[in-house]
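Here is the structure we will look at.
The values are calculated or read from the model by the stated rules, or taken from the named source; none is laboratory data. Treat the numbers as computed from the prediction; the structure is a model and nothing was measured. All Cβ positions, even for glycine, are placed from backbone atoms using ideal geometry, and neighbour counts span all protein chains on display. These accessible areas exclude ligands, DNA and RNA; they are computed on the full protein's heavy atoms, side chains included. Shrake-Rupley method; radii C 1.70, N 1.55, O 1.52, S 1.80 Å.
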Amino acid sequence: MRVLVVTAVPAERDAVTRAFGGAPQVREAPGAELHRAGPFDVLAGGVGPAAAAAATAFALASAPEPYALVVSAGIGGGFAPAAPVGSLVVATGIVAADLGAETPDGFVPVTGLGFGRDTFLPPASLVRDVVAATGAVPGPVLTVSTVTGSAARTATLLAAHPGAVAEAMEGFGVAEAADRLGVPALELRAVSNAVGPRDRGAWRIGDALAALTEAFGKTAPVVEGWTPS
């Protein structure tokens, strides 16, 4: 079973492929390089939901063989205390947290406007098995176009999405593209920083990338043994 993994930047892509040791096989794809490692084809699709959706769509449409699963992977911010720095999270829901409209009464999601969707649900059995294998924290992962940098914004997000464990910038775009082609999506994030007031000095990007590598070493056998329903 082939799996497409979409990261934002090369450092995340390389963290995934390091889980398998050796040099990955590299194949050119429209707009990106695909690095093949184990059951995964891994690409750095760019930052943000639009770039992630475009890269995912191109990779799926141009694949010489169909993919059974798409994974949005990388680092992200964790909501304390559920997901501390260095932990791993797996999305039970991939949520577009800022897709909608501002109104005098507050934010209205796109679904509240009467069109579109704002959440994709990864396969529950796969989420359960990846959590068991990796010790990851399960919960909704929010896709945002602007990284949260204040306590007020953090509180607003948690009020709108109780139980959210992390935020990142690509998951919803990946899931949107995968859904258009009928492929299930999963989101896996290593926490590099706490969501809240921006303190770049407190970020632990190296530790998060190492956690991502470890996570994929444990995730690979789970994915290989999973049967899409």
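Things worth noting here:
- Qualifying residues in region 89-109 (those that are open to solvent by 70 Å² or more (accessible area, probe 1.4 Å) and assigned to a strand (DSSP E or B)) - the one nearest to residue 207 (Cα to Cα): 107
- Of the residues screened, residue 159 is not one that is open to solvent by less than 60 Å² (accessible area, probe 1.4 Å) and of a type outside the set (Phe, Trp, Tyr).
- Residue tally, condition in contact with a helix residue (DSSP H, G or I) (Cβ under 7 Å, 6 or more places away or on another chain), among the small types (Gly, Ala, Ser) and not in a strand (DSSP E or B), over region 13-39: 4
- Taken over region 184-212, the criterion of being under 15 Å from the mean Cα position of the chain (by Cα) and either over 25 Å from residue 126 (Cβ atoms) or outside any strand (DSSP E or B) (or both) is satisfied by 184, 208, 209, 211, 212.
- Answer from 77, 116, 112, 86 - the residue that is open to solvent by less than 10 Å² (accessible area, probe 1.4 Å) and either assigned to a strand (DSSP E or B) or of a type in the set (Gly, Ala, Ser) (or both): 77
- Test result for residue 131, in contact with a Pro (Cβ under 6 Å, 6 or more places away or on another chain) and aliphatic (A, V, I, L, M): yes
- Of all residue pairs spaced 6 or more apart or on separate chains, none has beta-carbon atoms under 9 Å together with a first member in region 203-225 that is closer than 16 Å to residue 39 by Cα and a second member that is of a type in the set (Ser, Thr, Tyr) and open to solvent by 30 Å² or more (accessible area, probe 1.4 Å).
- Looking only at region 24-65, and only at residues there that are closer than 20 Å to residue 219 by Cβ and more than 19 Å from the chain's Cα centre (by Cα), the one that is surrounded by the fewest Cβ atoms within 10 Å (Cβ to Cβ): 25
- Selected residue (criterion: surrounded by the fewest Cβ atoms within 10 Å (Cβ to Cβ)) from residues of region 179-207 that are modelled with pLDDT under 95 and among the aliphatic types (A, V, I, L, M): 202
- Unique residue being modelled with pLDDT of 95 or more, of a type in the set (D, E, K, R) and outside any strand (DSSP E or B) when the list is 176, 167: 176
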